[in-house]
Amino acid sequence: MTSTSARPPRRRLLDQSLLVLGAGALTTGLVVLTLAPGTSVASSHREAPLIAGDPRADNTDVYAFTSPDRDDTVTLAANWIPFEEPNGGPNFYAFADDAKYHIKIDNTGDGKADITYTWRFRNLIRDAANQFLYNTGPVTSFNDPDLNFRQVYDLTVTTSHGTKTLLRGAPTAPSRVGNASMPDYPRLRDEAVRGLKHGGKAFAGQAEDPFFADLRVFDLLYGGDLSERGQDTLAGYNVNSVALQIPKKALALKGDTTRNPVVGVWSTTERQGATVTDSRKKKNNTGWRQVSRLGNPLVNEVVVPLKYKDAFNSISPDQDRTVQPVVDKVLDPILPKVIEKVYGIPAPKPPRNDLVEIYLTGICKACGPIKADLNSHRLNKDAAVGEIVPAEELRLNMAVPPTAEPQRLGVLAGDLAGFPNGRRLADDVLDISLQAVEGAAQTGELVEALADGDQVDTNEVPFEDRFPYLAQPHTQNVNRGGDDGPGGDDGWPFKDAHASSMAGFGALMLTTGGYRLRRRKAGA
């Protein structure tokens, strides 16, 4: 007998416990994943029926603003994958490697992209055959051997002169697994900020979701009880972001920011052979098809009727004016009538040409009832006026300098550097949009009854003061407040992401227990 004869019973007990615990957790997780009802969170991030089922292709927000610390550049940012639960392992969140992600620029006003920045991602897995973990130890750099799953990307720019590669094989900041796995995440993010030839910077990776709002607004406008506002529905969640900091002259028509300061911006996603128009019409189309699109915030959510949301996601802005039912809803929007019905606030009378200016033409004295020259392509002296068309784009007048003290209500508060002149991270676009549809941009007066908006005035964490400006990703699980917390789910004890974590934990216990048993038998 050896001196270790007294230890095997404890080991067997531990191994058996790990197997039992692992099997239970894995079973529970898989059962929940199988039986739980589909997530039905109503939000601006899942604005159309079909794209709601494809989160890796789902644009959530797009931003365009003069960089506050480099006023000769514009920062562009776009987000995908709504409602990323920070603890949603073991696979966490990756960009799709079978999609194209775009940020597009229109500097002529014809509704077509004059400049297109495109990201294509590739997965790099160190050990797919014998490992399931995202990382196998503390990760200190992008090339750390403990980072099992990585993504790199190629960034190209397409203009009338062709397509050029700006970055090849650039690192993507990984999902922030947690402090044990990534003790210095800001360092990992810094590795993902890359310089561009001829000036500028690029970033891709996970970030805190910068959109803030109480999305119970979609529950019949807080159930007719404004006292129930004030909960930031997006608090605690992350997204996947791409960002660029580009010299203004590289975006302006003819490179002249003095004569041509206005650009239109939107982001899109393309999938190969996919369509969002009508799944019943199956065609053998293997080309790239646009499946998601985003310019101004909340347009597809609260302006476009349900019937046309998927189609809206599939078309280019130059086609917007041809979809008369959508144009009709800009001229005579649904939301003010709902507000009137629920709260008795009279809806402004149609036609709403002020909304046409904000969403389709840009704001200028010759454009409509908002008597100000702000961000219409008509202000570009070298643009052909006859070719300018109404198109839903986020328009930015790059000649407007950054504001020393930004106002959350942007232009409505006299801060011309904010939404709807571009969009900054801290712009309170839900409150601005509520005021706009109630006519505040036309009258110059806030609608007092809605002056407090959703009572969520700022992001739950501060933004950073340097590129990419996005806040670091969250690491704590969202549903940490019990039944009354933000993750309460009508009797279902686990959300999908928690079920995934439970399944992952169970698999880990099974693997560890099985390995210990095999090792003990081998040594017997």
About the Cα centre, charge dipole magnitude for segment 55-164 (Lys/Arg +1, Asp/Glu -1 at Cβ), debye: 360
What share of all Cα pairs of segment 280-361, in percent, falls into each consecutive 10 Å distance bin? 15, 45, 26, 10, 3, 0
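How do Ser316, Ser241, Ser160 rank by accessible surface area computed with a 1.4 Å probe, from largest to smallest? Before the final figure, lay out each step's value.
On the way: Ser316 35, Ser241 0, Ser160 115 Å².
From most accessible down to least: Ser160, Ser316, Ser241.
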Projected area of segment 227-270, taken from the Cα convex hull and averaged over every viewing direction, in nm²? 6.5
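Just to verify a number: FRET efficiency for Glu445 and Lys254, C-beta to C-beta distance, R0 = 35 Å, to 0.05?
Working: r = 39 Å, r/R0 = 1.12.
The value I calculate is 0.35.
Could you grab the Rg to Rh ratio for segment 84-178? Cα atoms only, Kirkwood for Rh. The partial results should precede the final answer.
Details: Rg = 16.8 Å, Rh = 15.3 Å.
We get a ratio of 1.10 for segment 84-178.
Checking the a/c ratio against 1.5 first, then a/b against b/c, what shape does the Cα gyration tensor give for segment 424-471?
Details: a/c = 4.05, a/b = 2.25, b/c = 1.80.
In terms of gyration-tensor shape, prolate.
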Give me the net charge for the shell around Ala235: Cβ to Cβ below 12 angstrom, other residues only, Lys and Arg +1, Asp and Glu -1. -4
Per q in 0.17 1/Å, what log10 I(q)/I(0) does a Debye calculation on the alpha-carbon atoms of segment 194-263 return? -0.77
What is the spin-label model distance, in nm, from Arg126 to Thr158 if the labels are put 7 Å beyond Cα along the C-beta direction? 3.6
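Under 14 Å from the Cβ of Ala372, count the other residues' Cβ atoms, weight Lys and Arg +1, Asp and Glu -1, and hand me the total. Kindly include the intermediate steps, with their values, before the conclusion.
On the way: positive: Lys365, Lys371, Arg378, Arg395; negative: Asp354, Glu357, Asp373, Asp415.
Once positives and negatives cancel, what remains is 0.
Based on Cβ point charges of +1 for Lys and Arg and -1 for Asp and Glu, what charge dipole magnitude is obtained for segment 426-481 about its Cα centre, in debye rounded to the nearest 20? Before the final figure, lay out the partial values.
Details: 2 positive and 12 negative charges, 77 e Å.
With only Lys, Arg, Asp and Glu charged at Cβ, the dipole is about 360 debye.
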Could you name the aspartates and glutamates whose alpha carbon sits less than 15 Å from that of Lys164, not counting residues in the same chain fewer than 8 places away? Asp114, Asp154
Roughly how many whole Å is it from the C-alpha centroid of segment 131-176 to that of segment 369-444? 35
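The values are calculated or read from the model by the stated rules, or taken from the named source; none is laboratory data. Not measured: the values here are computed from a predicted model. Cβ atoms come from the backbone with ideal geometry, glycine included; neighbour counts cover every protein chain shown. Protein only, heavy atoms only, side chains kept; ligands, DNA and RNA dropped before computing areas. Shrake-Rupley method; radii C 1.70, N 1.55, O 1.52, S 1.80 Å.
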